[in-house]
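A quick write-up on the structure given underneath.
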Amino acid sequence: MNNKPIKYQSYFGKPLVYIDITNECSIGCEFCMYRDKHGSSNLVMNAVTRALIGNLSSGAMLVCISGEGEPLNAPSLCLDVLESISRGTAVEFISSGIVSWSRFDRFIEILDEKAALQDLIITLRISVDKWHFAKARDGLYRRIAERVLSSGRIRLRFRSVLSDYATVKKRLINEFSSCPGRIHWRWCSQIEASIASEEFVIPIDFKSLAYSGNSLVRAGGGDLINYLSGLEMRYGRRFTLGNLSSVSKLPGPDIVIKHDGVVSLYGLESVLRWRVDDVTLDLEMIQVTISNTPLIHLLYSMPLMDVIESVDSTERIWEILLQSNNPYWAVREIVSLFGDEIAELAADRRAFSGYEGRS
């Protein structure tokens with residue numbers, strides 16, 4: 001192992017920080033990866049948690065406030081978390097938008113004020129798919145768009161699943177059809193579209209379907225290999241774990257803070273865990289752990305498909321990939337079954353690092 005000190009801030013790209021503040025949800029979407037984990041647990045905020053959020057968000061590319069449930073079920077907690085985030089940070093809220101209109105309207109009003117006071121770049125990302133459509137009032141998404149975009153400081157995106165592309169296109173075009181001017185729908189890439197008029201442009205991100213019942217399933221045209229291809233085209237680099245948007249030797253850490261206080265890396269939750277009340281935890285500790293743990297470093301530095309082709313269990317792993325459609329959940333499954341084999345590959349690769357051969 002190379003014991004020379006590493007300048008971690010330059011060695012790693014900027015982190016992504018996901019804060020899942022609650023697991024409370026009344027929607028119960030069939031595809032939701034957390035459907036069997038819904039309850040009434042909320043992240044407990046205290047001085048240590050606020051300090052950790054401030055540290056991790058400083059220099060982050062994005063802080064995403066979401067949940068294993070609906071974050072607007074706990075609007076005061078959302079705002080408490082927001083006040084802990086470093087000034088000037090890009091922040092995204094993921095929501096169904098299916099709450100009382102008075103709550104939604106007031107939340108947007110306060111978000112607009114916070115964006116100005118903390119110099120935050122805030123985006124609201126609203127889930128749109130057949131499961132949410134079944135619970136949403138007619139005209140809800142146009143009303144959300146009008147309210148959010150009128151704030152002047154808050155951006156809006158929709159997000160969906162690839163298998164619902166046609167359904168989403170039809171619903172949104174119908175809702176926005178009465179807007180001034182012609183409505184345009186554009187398929188921008190394998191995983192992104194937009195809906196636009198003379199007055200607005202709203203991007204729509206399409207992800208792979210992550211969960212159905214108790215098994216991983218194919219995403220109806222959005223299978224994992226196609227989805228990986230779309231991600232690689234978007235970010236201009238091959239897929240590894242970590243923040244693919246970051247340009248550096250290693251992608252920035254994908255850090256997840258859960259409502260129960262567990263802190264982990266996205267896709268590697270079974271490999272390592274910290275706690276929000278650990279006063280020694282900070283971004284540099286996480287970066288050091290990634291750098292010094294061969295298995296994690298390998299999955300951050302070596303393209304996933306190359307990892308798969310380099311281990312003896314390639315055929316079995318391909319069976320998992322063909323049944324799956326979310327790369328991070330596929331990695332969880334692969335690591336849980338073949339972690340020792342991948343760790344051995346990582347150790348062998350590290351043992352020869354720095355050797356360039358004779359000239």
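Among the residues of region 93-114, the ones that are assigned to a helix (DSSP H, G or I) and under 21 Å from the mean Cα position of the chain (by Cα) come to 1 in all. Residues of region 159-188 that are surrounded by 15 or more Cβ atoms within 10 Å (Cβ to Cβ) and assigned to a helix (DSSP H, G or I): Leu162, Ser163, Asp164, Tyr165, Thr167, Val168, Lys169, Arg171, Leu172, Glu175, Phe176.
Residues that are assigned by TED's automatic domain parsing to the domain that holds Cys179, β-branched (Val, Ile, Thr) and modelled with pLDDT of 90 or more do occur in region 226-243, at least one of them. Kindly provide the set of residues from region 245-277 that are assigned to a loop (DSSP other than H, G, I, E, B) and free of Cβ contacts under 8 Å to residues at least 40 places away in the same chain, ordered by number. Passing the criteria: Leu272, Arg273. Taking the criterion of being in a loop (DSSP other than H, G, I, E, B) and either surrounded by fewer than 17 Cβ atoms within 10 Å (Cβ to Cβ) or modelled with pLDDT of 80 or more (or both), the residues of region 191-216 that qualify are Ile191, Ser197, Glu198, Glu199, Phe200, Gly213, Asn214.
Would it be correct to say that Arg142 is part of a helix (DSSP H, G or I) and in contact with a Cys (Cβ under 8 Å, 6 or more places away or on another chain)?
Yes: the conditions hold for Arg142.
Taking the listed residues Asp119, Asp129, Asp138, the one that is surrounded by 14 or more Cβ atoms within 10 Å (Cβ to Cβ), of a type in the set (Asp, Glu) and in contact (Cβ under 8 Å) with a residue 24 or more places away in the chain is Asp129, with no other qualifying. Selection of first residues in region 337-349 that are closer than 12 Å to Ile296 by Cα and of second residues that are surrounded by fewer than 17 Cβ atoms within 10 Å (Cβ to Cβ) and among the hydrophobic types (A, V, I, L, M, F, W, C), restricted to Cβ pairs under 7 Å at least 6 apart or on distinct chains, gives the following pairs, ordered by first then second residue: Ile342/Val311; Leu345/Val311. Name the residue that is surrounded by the most Cβ atoms within 10 Å (Cβ to Cβ), counting only residues in region 71-92 that are among the β-branched types (Val, Ile, Thr) and in a loop (DSSP other than H, G, I, E, B). Looking at residues that are among the β-branched types (Val, Ile, Thr) and in a loop (DSSP other than H, G, I, E, B), I get Ile85. Residues that are part of a loop (DSSP other than H, G, I, E, B) and either within 23 Å of the chain's Cα centre (by Cα) or at pLDDT 95 or above (or both) were ranked within region 119-137; the one that is farthest from Glu92 (Cα to Cα) is Asp129. Filtered by the rule that a residue be closer than 19 Å to Leu16 by Cα and either surrounded by fewer than 16 Cβ atoms within 10 Å (Cβ to Cβ) or aliphatic (A, V, I, L, M) (or both), region 93-114 gives a lone residue, Ile94. Listed by first and then second residue, the pairs linking a residue in region 165-193 that is assigned by TED's automatic domain parsing to the domain that holds Asp129 and under 14 Å from Asp205 (Cα atoms) to a residue that is β-branched (Val, Ile, Thr) and surrounded by 17 or more Cβ atoms within 10 Å (Cβ to Cβ), with Cβ atoms under 6 Å apart and 6 or more places separating them unless they lie on different chains, are Val168/Val128; Leu172/Ile195; Trp185/Ile195; Ala193/Ile204. Only one entry in Leu140, Leu162, Leu111 is within 19 Å of Pro203 (Cβ to Cβ) and either among the hydroxyl-bearing types (Ser, Thr, Tyr) or at pLDDT 95 or above (or both), namely Leu140.
The values are calculated or read from the model by the stated rules, or taken from the named source; none is laboratory data. Keep in mind the model is a prediction, meaning the values are calculated, not measured. For neighbour counting, all protein chains shown are included, and Cβ atoms are generated from backbone atoms with ideal geometry for every residue, glycine included.
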